[in-house]
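Here is the structure we will look at, set down as structure tokens.
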Amino acid sequence: MVTQISTARDASQTERAVLGIRELVLRGEFRAGERLSEVELAARLSVSRTPIRAALQRLEEEGLLEAALPIGYMVRSFTEADIFDAIEVRGTIEGLAARTAAERGVSRSMLDEMRQCLKQIDHILAQENEWDEALFIEYGVSNAYFHTLLLDAADSPIIRRALSRVISLPFSSPNAFVLAQAKIPGSFDILKIAQAQHHDIVDAIEARSGSRAEALAREHARIARKNLELALLNTDALRQVVGAPLIRRV
């Protein structure tokens with residue numbers, strides 16, 4: 001029993017360290033290419049060096065950090081091509097989730113829940129004359145929930161693990177550029193296009209059309225690429241992107 005408690009405590013401390021280090025990096029507390037100190041991180045996060053070491057290894061596996069010679073880890077930088085690739089991989093996995101859901105079939109209650117989520121997004125987008133940053137945040141919450149439901153509809157632990165690994169990278173999650181869109185002219189029209197794709201994806205899943213659901217989900221993810229391109233041209237928008245200091249312009 002003591003061993004089980006100790007193991008659970010170690011796992012909890014490691015998870016705390018992972019979340020803490022990830023937040024520090026994405027907040028810009030460390031520069032791209034900067035070597036991370038286990039001692040400093042342990043002090044800042046109030047955990048021992050053992051979970052810090054495990055957390056650094058996990059973040060290197062996720063792609064946020066990279067190994068430094070001769071030992072240790074440093075903060076990774078990301079080119080535009082890196083980000084585009086991550087978005088494409090996310091779209092590929094979400095496409096697989098949509099196809100799996102369509103081909104295996106989903107319950108009426110799941111379809112109803114997805115459509116209720118889209119109804120909420122429709123309501124948010126209907127407030128076009130009152131659009132402000134608060135509504136972008138509200139949209140982001142509902143958008144994230146829809147993408148969670150899409151993954152739930154696939155009901156595949158394998159797909160879930162693969163997607164979790166990809167979206168742990170900065171810039172690749174469905175909501176990576178939502179706040180940036182508040183600063184980009186014309187972004188409201190992009191949100192409406194994205195919402196139309198949401199509806200089409202659910203329609204394809206309900207119709208059991210796997211190939212169409214997959215193609216729609218993959219194309220939907222590419223909206224994030226357009227948002228990145230626009231954000232890179234707008235300093236105010238780029239400031240709203242979590243992890244923006246890690247982008248290496250070449």
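All of the numbers you see were taken from the coordinates with simple rules; none came from a lab. These numbers were taken from a predicted model, which means no experiment stands behind them. Cβ atoms come from the backbone with ideal geometry, glycine included; neighbour counts cover every protein chain shown.
Couple of notes before you dig in:
- Residue by residue, the stretch 184-199 carries 3J(HN,Hα) couplings of 9, x, x, 5, 4, 5, 5, 4, 5, 5, 4, 5, 4, 5, 3, 4 Hz when phi is fed to the Karplus relation 6.51 cos²θ - 1.76 cosθ + 1.60 (θ = phi - 60°); x denotes Gly or Pro.
- With each label modelled as a point 7 angstrom along the Cα→C-beta vector, the residue 130-residue 207 pair spans 3.5 nm.
- Our coupling estimate for the stretch 84-90, obtained by passing each phi through the Karplus curve with A = 6.51, B = -1.76, C = 1.60 and θ = phi - 60°, is 4, 5, 5, 5, 5, 5, 4 Hz, Gly and Pro reported as x.
- Alpha-carbon Rg with Dmax, taken over the chain, Å: 19.7, 60
- Cα-based helix-to-principal-axis angle, 49-62 vs the chain, degrees rounded to 10: 40 degrees
- Under a Gaussian network description of the chain, with springs only between Cα atoms under 10 Å, the residue in 137, 87, 158 that fluctuates furthest is 158.
- Tensor-based shape of the stretch 115-206 (alpha-carbon gyration tensor, a/c under 1.5 rounded, otherwise prolate or oblate): oblate
- Stokes-Einstein diffusion for the stretch 1-146 at 25 °C, viscosity 0.890 mPa s, with a Kirkwood radius from C-alpha pairs, works out to 129 µm²/s.
- In degrees, nearest ten, helix 108-125 long axis to first principal axis of the chain (Cα): 90 degrees
- Length added when fully stretched, residue 80-residue 67, from 0.36 nm per residue minus Cα-Cα: 2.6 nm
- Whole-Hz Karplus values for the stretch 166-183 come out as 5, 6, 6, 6, x, 6, 9, 6, x, 9, 4, 10, 4, 5, 5, 4, 5, 9 Hz, taken residue by residue from phi with 6.51 cos²θ - 1.76 cosθ + 1.60 and θ = phi - 60°; glycine and proline positions read x.
- Pairwise centroid distance, computed over Cα atoms, of the stretch 149-168 with the stretch 18-49, Å: 27 Å
- Acute angle (nearest 10 degrees) that the helix 2-26 long axis makes with the longest principal axis of the chain, alpha-carbon atoms: 70 degrees
- Cut-off under 5 Å, modelled amide H: who pairs with residue 247 long-range: 78
- Extension gain for the segment residue 60 to residue 248, taken as residue separation times 0.36 nm less the Cα-Cα distance, is 65.9 nm to one decimal.
- For the pair residue 120 and residue 34, a Förster radius of 45 Å applied to the C-beta separation gives a FRET efficiency near 0.65, rounded to the nearest 0.05.
- 10 Å Cβ shell holding at most 11 others, DSSP loop, trypsin sites (Lys or Arg not before Pro): longest site-free stretch of the chain: 28-248
- Gyration tensor (alpha-carbon) shape descriptor, the stretch 153-220, a/c threshold 1.5: oblate
- For the chain: relative contact order, % (alpha-carbon pairs under 8 angstrom, 6 or more apart): 28 percent
- Kirkwood radius, the stretch 192-250, all distinct C-alpha pairs, inverse of mean reciprocal distance: 13.2 Å.
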